[in-house]
Amino acid sequence: MLAELLVWAGIQADPAARRLGYAKAAVSLWSRRRRCHKAWAEHEANSRDFALSVAQSCERHDTLWLLGGGTLADLPLAELSAQFKQVLVFDIAWLASARRLEKQFPNVELRLADVTGVVGPLVEWRAGLPLPIPSPRAVPELDEVPPDCVLSLNLLSQLPLLPMEHVQKHGVSRTGAESFGRAILQAHLDGLHAMACPVGLATDTRRIWRSRAGEVVMSENALLGLELPAAEREWRWPVAPRGEIDNESSLDITVQALRWNGAAS
């Protein structure tokens, strides 16, 4: 508990992000990874390997955008820093440990950003009013200088969760919240497709709950029913081994990774 309080004290996040729970979520992610780092090691290695594969395919190596920083454990930051003149990493909340790591690489910059474009408007939104419309321009407009490569890593499925939770707390039905969530997901995908450079996407696509005996208890689409094109790579992420949620069940995630080569492709 003391360790979490210290991490909480060092969180960097805008007021709107704090109100919607992103600072708390960042601490929860740090805490869960601390407990499950051995179970997560293969997933993080797969994520880093895929990121490097996409980055190495770029013709130019001036600027790289990384969307979704988290603890930075799934990002090959040292290798990417060596390959690109500038590496911009965007997330809505930053741990103090991530900011300390940033200082090791003069060409790496961690930036606070809401890649959905809806967090600020949601703070001003009131029940009964139309929900904010997620914009595909939220990603391309993150910086005025176009990048040579964009990586969205272990982020997509997380984007709608807190916005959906927020609107449901204020009276929006589950069906309405899920429709809003799908719009957030689609806007992110459309924004990535609008980029005129190589793009890599790694995201969980299915959540699978298992019993103590390993039998599937429940399985659901992690993208609210949206389907992605065929994946280049796929792997299993034991995000919550038995004992993390309770003593009788575990949660596995299917992660898929795919790429495309710019808006013209």
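The values are calculated or read from the model by the stated rules, or taken from the named source; none is laboratory data. Predicted model only: the values in this text are computed from it and were never measured. Cβ placement follows ideal geometry from the backbone for every residue including glycine, while neighbour counts extend to all protein chains displayed. SASA here: full protein model, heavy atoms, side chains in, ligands and nucleic acids out. Shrake-Rupley method; radii C 1.70, N 1.55, O 1.52, S 1.80 Å.
Selection within the stretch 198-215: residues that are open to solvent by less than 40 Å² (accessible area, probe 1.4 Å) and assigned to a loop (DSSP other than H, G, I, E, B). The member of this set that is farthest from Val54 (Cα to Cα) is Gly214.
Scanning for something of a type in the set (Asp, Glu) and touching a strand residue (DSSP E or B) at 6+ places or on another chain (Cβ under 6 Å), does the stretch 198-214 turn up at least one residue? Yes, because at least one residue in the stretch 198-214 is of a type in the set (Asp, Glu) and touching a strand residue (DSSP E or B) at 6+ places or on another chain (Cβ under 6 Å). Of the residues examined, Trp40 is not one that is within 24 Å of Leu185 (Cβ to Cβ), assigned to a strand (DSSP E or B) and open to solvent by less than 30 Å² (accessible area, probe 1.4 Å). Number of residues in the stretch 216-225 that are open to solvent by 40 Å² or more (accessible area, probe 1.4 Å) and at negative phi equals 5.
As a summary of the residue check, Ser28 satisfies the conditions (1) open to solvent by less than 40 Å² (accessible area, probe 1.4 Å); (2) closer than 24 Å to Val123 by Cβ except for the one numbered (1).
Annotation note: of Arg182, Arg206, the sole residue that is modelled with pLDDT of 95 or more, out of contact with any Leu (no Cβ under 6 Å at 6 or more places or on another chain) and on the phi < 0 side of the Ramachandran plot is Arg206.
Reported count of residues in the stretch 226-236, each being surrounded by 14 or more Cβ atoms within 10 Å (Cβ to Cβ), part of a loop (DSSP other than H, G, I, E, B) and charged (D, E, K, R), is 1. Scanning the stretch 237-265 for residues that are without any contact (Cβ under 8 Å) to a residue 40 or more places away in the chain and not β-branched (Val, Ile, Thr), we see that the one that is most open to solvent (accessible area, probe 1.4 Å) is Arg242. When the stretch 134-151 is filtered for residues that are among the β-branched types (Val, Ile, Thr) and modelled with pLDDT of 95 or more, the ones remaining, listed by number, are Val139, Val150.
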